[in-house]
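*Asks:* Sharing a structure with you now.
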Amino acid sequence: MDTKEILKKVRKIEIKTRRLSDHIFSGEYHTSFKGRGMTFSEVRQYQFGDDVRAIDWNVTARYNEPYIKVFEEERELTMMLMADVSGSESFGTKNQFKREIVTEIAATMAFSATQNNDKIGLILFSDEIELFIPPKKGKSHVLRIIRELIEFQPKSKKTDVSQALKFLSGVLKKKAIVFLISDFMSDDYEHNLKIAAKRHDITGVRVYDQREEKMPNLGLVNMTDAETGQTILVNTGSKQVRLEYEKYYQGKVKYFNETFSRCGAGSLSTRVDESYVTKLLGYFKSR
């Protein structure tokens, strides 16, 4: 894509996701992800129904009438978006590829964080760290993140969720809200997820296509692995082959759900032809 086309696409995603974050997600996001604590703001006169534990006895003694301390939530947080840019994300049998949904979800979350004056950072990963943008504030920073999500060309097509989590733990020392968006067709990431989840508030967002769940009966078909580039002849007419594939795929899904649950991290799954808006709102409300 040339620069004009990229800017047009960035603008299109900004309009769509900004509307969602402005009208739907900003309040839910604020409620779901709390600040680091409460800080003193001011004192005011006691009113009926106020918590007596908040009375400031020094000010009360000085003015000979009750005053209470008012506290505000210390709001500023850091959001880190981790997006899988491996070869399998360029798969889609409906109107959109998985990577396009990943971009929209990441953009929506970024604008929601901006509404709450939080910092946003980005990690793009395959089986290596392809790009790291340190957390910052501001609309221009968010637009840069969206641009990278749209146009970035990874060096590798493979996936390694574990390496991405290891990098996160090394680069972010303070607690952050982390959205890890991938199809999670990866193995053995429990150890590094457990370490990262002790410090950060992590949510895994699994994006998938309905054609990945079951192999259709199409007879003999040449199939190419999007991550390795290897092409093999597959007999999709064989019931055994289709059952083995379904067993393999469901094993990955089960590992994702159980691993995130065991590690105390949040998780949700959304299909490319489903409303990720509904899924995210449901997740926020459940928190």
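*Asks:* In nm, what is the difference between 0.36 nm times the number of residues separating Thr278 and Ser261 and their Cα-Cα distance?
*Replies:* Result for the pair: 4.0 nm of gain on full extension.
*Asks:* For helix 161-171, report the angle its Cα long axis makes with the longest principal axis of the Cα atoms of the chain; keep it between 0 and 90° and round to the nearest 10°.
*Replies:* That works out to roughly 30 degrees.
*Asks:* Can I ask one more? Can you pull the one-decimal nm distance between simple spin-label points at Lys8 and Thr231, each 7 Å off the Cα toward Cβ?
*Replies:* Output for this residue pair reads 3.2 nm.
*Asks:* Can you order the peptides 10-16, 266-272 by their average number of other Cβ atoms within 10 Å per residue, highest first?
*Replies:* The peptides rank, most packed first, as 266-272, 10-16.
*Asks:* Report P(r) for region 211-287: all Cα-Cα distances, bin width 5 Å, range 0 to the bin holding the largest distance, values in whole percent.
*Replies:* 3, 12, 15, 19, 17, 13, 10, 8, 3, 0
*Asks:* Heads up, I need the accessible area for Arg206: 1.4 angstrom probe, whole protein in place, Å², nearest 10.
*Replies:* For Arg206, the solvent-accessible surface is approximately 20 Å².
*Asks:* Grab the beta carbon distance between Ser169 and Leu131, set R0 = 25 Å, and tell me the FRET efficiency rounded to 0.05. Mind showing how you got there, number by number?
*Replies:* On the way: r = 18 Å, r/R0 = 0.71.
For R0 = 25 Å, the calculated efficiency reads 0.90.
*Asks:* If you wrap a convex hull around the C-alpha atoms of region 57-185 and split its volume per residue, what is the figure in Å³?
*Replies:* 146 Å³
*Asks:* On to the next question. Taking every alpha carbon pair in region 159-287, what does the distance histogram look like in 10 angstrom bins from 0, in percent?
*Replies:* Values per bin, smallest distances first: 11, 36, 31, 16, 5, 0.
*Asks:* State the percentage of accessible surface on region 140-287 attributable to carbon and sulfur atoms; use a 1.4 Å probe and exclude ligands, DNA and RNA.
*Replies:* Here it works out to 49 percent.
*Asks:* Still on this model: Any chance you could give the angle, 0 to 90 degrees and rounded to 10, that helix 239-262 forms with the longest Cα principal axis of the chain?
*Replies:* For helix 239-262, the angle is close to 20 degrees.
*Asks:* Helix 139-151 against the longest principal axis of the chain: what's the angle in degrees, Cα atoms only, rounded to the nearest 10?
*Replies:* 10 degrees
*Asks:* Whose amide H sits under 5 Å from the amide H of Val43, counting only residues 5 or more places off or on another chain, with H placed in the peptide plane?
*Replies:* Correct list: Val70.
*Asks:* Hey, can you grab everything whose amide H is under 5 Å from the amide H of Val178? Only 5+ residues off in sequence or another chain; H modelled, so Pro and N-termini drop out.
*Replies:* HN-HN under 5 Å from Val178: Met80, Asp201, Ile202, Thr203.
*Asks:* Something else: Could you state the accessible area per residue of the chain in Å², with a 1.4 Å probe and every protein chain left in place?
*Replies:* Here the residues of the chain average 54 Å² of exposed surface.
*Asks:* Would you mind calculating the relative contact order of the chain from Cα pairs under 8 angstrom and at least 6 residues apart, reporting the percent as a whole number?
*Replies:* Normalised by residue count, the contact order of the chain is 18 percent.
*Asks:* Calculate how large, on average over all directions, the projected area of the Cα convex hull of the chain is; give the answer in nm² to one decimal.
*Replies:* Values: hull surface 74.7 nm².
Averaged projected area of the chain's Cα convex hull equals 18.7 nm².
*Asks:* Right, another one. Along the Cα→Cβ direction, 7 angstrom out, place labels at Trp57 and Tyr248. What is the inter-label distance in nm?
*Replies:* Here the answer is 7.1 nm between the modelled labels.
*Asks:* When the chain is fully extended, how far beyond the present Cα-Cα distance does Gln45 get from Val221, taking 0.36 nm per residue of separation?
*Replies:* 55.7 nm
The values are calculated or read from the model by the stated rules, or taken from the named source; none is laboratory data. For clarity, every value in this text was computed on a predicted model and none was experimentally measured. We place every Cβ from the backbone using ideal geometry, glycine too, and count neighbours over all the protein chains shown. When the accessible area is computed, the model is the full protein with side chains, heavy atoms only, and any ligands, DNA or RNA have been set aside. Shrake-Rupley method; radii C 1.70, N 1.55, O 1.52, S 1.80 Å.
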